[in-house]
1. For residues that are β-branched (Val, Ile, Thr) and without any contact (Cβ under 8 Å) to a residue 40 or more places away in the chain, scanning just the range 156-194, find the one that is nearest to residue 103 (Cα to Cα).
2. Pairs only if they're at least six apart or on different chains, beta carbon under 6 angstrom, first in the range 3-28 and under 13 Å from residue 65 (Cβ atoms), second of a type outside the set (A, V, I, L, M) and modelled with pLDDT of 95 or more; list them, first residue then second.
3. If I filter the range 328-341 down to residues being touching a strand residue (DSSP E or B) at 6+ places or on another chain (Cβ under 6 Å) and not in a loop (DSSP other than H, G, I, E, B), which single residue comes out as surrounded by the most Cβ atoms within 10 Å (Cβ to Cβ)?
4. Using the structure shown, decide if residue 151 is β-branched (Val, Ile, Thr), at negative phi and touching a helix residue (DSSP H, G or I) at 6+ places or on another chain (Cβ under 7 Å).
5. Only one residue in 32, 61 is crowded, with 18+ Cβ neighbours inside 10 Å and in contact (Cβ under 8 Å) with a residue 24 or more places away in the chain, so which one is that?
6. Looking at residue 117, is it more than 15 Å from residue 12 (Cα to Cα), in contact with an Asp or Glu (Cβ under 6 Å, 6 or more places away or on another chain), surrounded by fewer than 21 Cβ atoms within 10 Å (Cβ to Cβ) and not β-branched (Val, Ile, Thr)?
7. Among the strands (runs of 3 or more DSSP E) confined wholly to the range 355-443, which include 2 or more residues that are crowded, with 17+ Cβ neighbours inside 10 Å and in contact with a His (Cβ under 8 Å, 6 or more places away or on another chain)?
8. How many of the residues making up the range 139-155 are among the hydroxyl-bearing types (Ser, Thr, Tyr), out of contact with any Leu (no Cβ under 9 Å at 6 or more places or on another chain) and outside any strand (DSSP E or B)?
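The values are calculated or read from the model by the stated rules, or taken from the named source; none is laboratory data. None of the values given here were measured: they were computed from a predicted structure. FYI the Cβ positions are ideal-geometry reconstructions off the backbone, even for glycines, and counts take in every protein chain you see.
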Amino acid sequence: MSERKYFGTDGVRAVAGEFPLTAAWVMGLGAAAGEVLKRESARPSVVIGKDTRHSGDMLEAALAAGLTSRGVTVIHVGVLPTPGVSYLTRHLGADAGVVISASHNPYQDNGIKFFGRDGQKLSDETEHEIETAIDEVPNFAPVTGVDLGSVTNYTEAERLYVGFLRSHAPDLTGLRVAMDCANGAAYRVGPRVFQAAGADVFAVYTTPDGHNINRGCGSTHLDHLQRIVREGDYDLGVAFDGDADRALFVDSRGNVVQGDHMLLLGARARGERAVVTTIMANMALEVKLREAGIGLERTAVGDRYVHERLHEQGLTLGGEQSGHILFLDQSPTGDGVLTALLTLAAMRKVGTTLDALHDELVMFPQTLVNVRVADKKAISRDDVVQAAVQQAEARLNGRGRVNLRPSGTENLIRVMVEGPDEAEIHEVARTLAGVVEERGRAG
């Protein structure tokens, strides 16, 4: 299969209004997707949801126009978290779902992500079929009259999704929670679910205006939430990103409780035999899991790869430091609000607190050195560099780890070294980076 032109690891993403996220191109994308879906169903239906970005309306209309032009029934569910669209796709028996969102990016960006009828991201093969069909749109046979598709606004979407989340909520009576909704897709859902579970919720960043999503708020900007928790004497804080597929916590002292902490807690509470995370997860997590007799598998960065490995190994729990956690026995996609609820349920089951969890998992120091090279692929395969990596790992002798990876966007090799001794890892990283730099010049 040739390399994809438009779809990245998380759908199509760009500045809204610039190619490829122009109205004309997105309409063609809708027509191409509709044609591919008709290979499996004579009258397919597609659920479309979005976050709170100003450009969402334009992209939604263009996509719907393309889909209906090929005879597809479009079901609008309005502003809803990404996992909510996945849930509604399954619940309504639709052939596909689409989320219009750029997650934690600023409002100028937007994106289009497809789900299959099972609520999971489309396979690479299906995305490739859609890309191929885009070039054929001008040659499609006309669809007219009663064969054209239609658009329905599904007003029960939020209620049904909230009901799904409430079914997984522990009793939160008496818990004082500060919540940062990022002016994004969870601005109504998040507070509603936690309040219904009995929590005393103080929610901030719940007034989206189309331009303020993720602006100084949400899971990538925790400073304000940390201050609110400390000054307001809250039990904890929780923050979502723009499309609410991830969540991070703040403990009662304002310390950040990230994805590594949640994986450790969840693995213990659920009795997992192993969890899946990425190469960026801290080695402290690996050590703690090993002590508990729980395995850890690492993948490339990206929840797509975590998801694939979970399926391959028959596992259910995985995720990233960012708080994008997968509970595949509960949902086929990351869900920030669900993650928060299941983490609090695990906390109650194990009999711990976020404060204790934060203090238990003391992160190993980590250093990252970026080395500019002429050919990052060649350096990644270079025998001298590989020998230097082996020497570095031998020096750490199981107390730390080394990771070399090429940048996805620049001619850089990222040299990451992690271990309990900060002085040692800096020295190891400098030595290894020197070898990479020298071999980069030699090449």
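1. Residues of the range 156-194 that are β-branched (Val, Ile, Thr), as a first pass: 162, 173, 177, 189, 193.
Checking the rest, the ones that are also without any contact (Cβ under 8 Å) to a residue 40 or more places away in the chain come to 162, 173.
On the way: 162: 20, 173: 31 Å.
Ranking the qualifying residues of the range 156-194, first place goes to 162.
2. 27/66
3. Pass one, the range 328-341, residues touching a strand residue (DSSP E or B) at 6+ places or on another chain (Cβ under 6 Å): 334, 336, 339-340.
Now drop any that are not not in a loop (DSSP other than H, G, I, E, B), which leaves 336, 339-340.
Details: 336: 32, 339: 30, 340: 30.
Among those residues, the one meeting the criterion is 336.
4. Values: β-branched (Val, Ile, Thr): yes; at negative phi: yes; touching a helix residue (DSSP H, G or I) at 6+ places or on another chain (Cβ under 7 Å): yes.
Answer is yes for this residue.
5. Details: 61 fails: crowded, with 18+ Cβ neighbours inside 10 Å.
Sole residue among the options that is crowded, with 18+ Cβ neighbours inside 10 Å and in contact (Cβ under 8 Å) with a residue 24 or more places away in the chain: 32.
6. Values: more than 15 Å from residue 12 (Cα to Cα): yes; in contact with an Asp or Glu (Cβ under 6 Å, 6 or more places away or on another chain): yes; surrounded by fewer than 21 Cβ atoms within 10 Å (Cβ to Cβ): yes; not β-branched (Val, Ile, Thr): yes.
In short, yes.
7. Details: elements: 366-372, 401-406, 412-418.
Strands (runs of 3 or more DSSP E) meeting the threshold: none at all.
8. Just the residues of the range 139-155 that are among the hydroxyl-bearing types (Ser, Thr, Tyr), to begin with: 144, 150, 152, 154-155.
Adding the requirement that they be out of contact with any Leu (no Cβ under 9 Å at 6 or more places or on another chain) leaves 144, 150, 152, 155.
Those still in the list that are outside any strand (DSSP E or B) too: 144, 150, 155.
Going through the range 139-155 one residue at a time, the tally reaches 3.
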